[in-house]
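*Asks:* Here it is, the structure in full.
The values are calculated or read from the model by the stated rules, or taken from the named source; none is laboratory data. The shown structure was predicted, so the numbers you read here are calculated from the model rather than taken from an experiment. Every residue, glycine as well, gets a Cβ built from its backbone with ideal geometry; the counts of neighbours run over all protein chains shown.
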């Protein structure tokens, strides 16, 4: 039977992973790509380089706390940063639908310029295409980023130095972005004051790396949420993960909408949250550093690496039960980033 692409293939969960592994990795096969880290780690004339790209198709393009332009800068800056790299340069390419208001485009571009300046990166090249009305939904943006990577940080993206007893940290409340996007979609008629957490985290992450050399892994929890990051981390490894649900911070209004619509916040997208695995001896120091930053005020230790149940993540619920952390199995919220 003929197979077709589904919206769920863009969810960041199991369908996405199957598509990547069974199609793209199969044909583009090479050691750098096969590592499947957020940024490719390259060595050019002795210099360690992080290189990443992402495309943004969010709906709606303007949402509480940001717009598609802010998302495009923050998403790529964060992908470089969680590899332990210092983001330096971005490209920016636009696919624009005929009839799209120039005033809206200008607002998006102004936002991109502002976010890039705040993050200390430069947009140095790009491309623009315009397609017939109805051939694309308003505007799509691709950004590609390059950053410098110190030798001592080259294993962060792979997590190869993780061991039992390491702590799992997140820099604040989860699911804000996904629920902000959902509430902005008029067809659902949901009214809330939820703001997206969309933000460039590179300066906060640098503060962490400056105070600790015990950071073993970082990943930004975007599509598929925190649960998918943890599932990817532990998959086929000789260690397991224990998470304490009561330590995972969720804003009350976000929790309310999730409960009303049947979403698990652990699987909802974020655009300003990083999952950090670090040696237990530095966990408190990292938390204190994060909490001094505007994007880390609600940071917490949410769990730890264990030698038990290898290859599996377990979460202890607020009522004392236990359940397996697995990848998002299908479509939850399409067009979220």
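*Asks:* Residues being assigned to a strand (DSSP E or B) and within 30 Å of residue 9 (Cα to Cα): count how many of those fall in region 209-224.
*Replies:* Qualifying residue count for the region: 5.
*Asks:* Run down 76, 53, 86 and say which single residue is under 22 Å from residue 176 (Cβ atoms), touching a residue at least 40 places away in the same chain (Cβ under 8 Å) and not assigned by TED's automatic domain parsing to the domain that holds residue 203.
*Replies:* Criteria check complete, one pass: 76.
*Asks:* Look through 156, 181, 190 and report the one residue that is touching a residue at least 12 places away in the same chain (Cβ under 8 Å) and either touching a helix residue (DSSP H, G or I) at 6+ places or on another chain (Cβ under 8 Å) or part of a strand (DSSP E or B) (or both). Even if it seems obvious, please write down each step before you answer.
*Replies:* Values: 156 fails: either touching a helix residue (DSSP H, G or I) at 6+ places or on another chain (Cβ under 8 Å) or part of a strand (DSSP E or B) (or both); 181 fails: either touching a helix residue (DSSP H, G or I) at 6+ places or on another chain (Cβ under 8 Å) or part of a strand (DSSP E or B) (or both).
Of the residues listed, the single one that is touching a residue at least 12 places away in the same chain (Cβ under 8 Å) and either touching a helix residue (DSSP H, G or I) at 6+ places or on another chain (Cβ under 8 Å) or part of a strand (DSSP E or B) (or both) is 190.
*Asks:* Name the residue that is surrounded by the fewest Cβ atoms within 10 Å (Cβ to Cβ), counting only residues in region 269-285 that are more than 23 Å from residue 198 (Cβ to Cβ) and under 20 Å from the mean Cα position of the chain (by Cα).
*Replies:* 278
*Asks:* If you check residue 82 against the conditions, is it under 22 Å from residue 228 (Cα atoms) and in contact with a helix residue (DSSP H, G or I) (Cβ under 6 Å, 6 or more places away or on another chain)?
*Replies:* For residue 82, the condition - under 22 Å from residue 228 (Cα atoms) and in contact with a helix residue (DSSP H, G or I) (Cβ under 6 Å, 6 or more places away or on another chain) - is not met.
Residue-by-condition table, conditions (1) out of contact with any helix residue (DSSP H, G or I) (no Cβ under 8 Å at 6 or more places or on another chain); (2) assigned to a strand (DSSP E or B); (3) over 17 Å from residue 203 (Cα atoms):
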| residue | (1), (2), (3) |
| --- | --- |
| 27 | yes, no, yes |
| 41 | no, yes, yes |
| 50 | no, yes, no |
| 53 | no, yes, yes |
| 71 | yes, no, no |
| 104 | yes, no, yes |
| 109 | no, no, yes |
| 129 | yes, yes, yes |
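*Asks:* What do you reckon, is residue 44 in contact with a strand residue (DSSP E or B) (Cβ under 8 Å, 6 or more places away or on another chain) and in the same structural domain as residue 136 (by TED's automatic domain parsing)?
*Replies:* No; evaluated as a whole, the condition is false for this residue.
*Asks:* Could you check region 223-268 and list, in sequence order, the residues that are under 13 Å from the mean Cα position of the chain (by Cα), at pLDDT below 95 and over 19 Å from residue 312 (Cα atoms)?
*Replies:* Result: 223, single match.
*Asks:* Let me ask something else. Which one of these is surrounded by fewer than 20 Cβ atoms within 10 Å (Cβ to Cβ), in contact with a helix residue (DSSP H, G or I) (Cβ under 7 Å, 6 or more places away or on another chain) and part of a strand (DSSP E or B): 301, 315, 324? Give the steps one after another, and end with the answer.
*Replies:* Values: 315 fails: surrounded by fewer than 20 Cβ atoms within 10 Å (Cβ to Cβ); 324 fails: in contact with a helix residue (DSSP H, G or I) (Cβ under 7 Å, 6 or more places away or on another chain).
Just a single option satisfies the conditions, and that option is 301.
*Asks:* Let me ask something else about it. Just to be sure I understand, how many residues within region 1-33 are within 24 Å of residue 325 (Cα to Cα) and either without any contact (Cβ under 8 Å) to a residue 24 or more places away in the chain or exposed (fewer than 12 other Cβ atoms within 10 Å of the Cβ) (or both)?
*Replies:* Here the count works out to 6.
*Asks:* For region 248-276, how many residues are outside any helix (DSSP H, G or I), over 21 Å from residue 76 (Cα atoms) and in contact with a helix residue (DSSP H, G or I) (Cβ under 8 Å, 6 or more places away or on another chain)? It would help to see each step written out before you state the result.
*Replies:* Here is the first cut: in region 248-276, the ones outside any helix (DSSP H, G or I) are 248-251, 262-264, 268-276.
Next, from what is left, pick out any that are over 21 Å from residue 76 (Cα atoms): 248-251, 262-264.
Those left that are additionally in contact with a helix residue (DSSP H, G or I) (Cβ under 8 Å, 6 or more places away or on another chain): 248, 250-251, 263-264.
Final tally of qualifying residues: 5.
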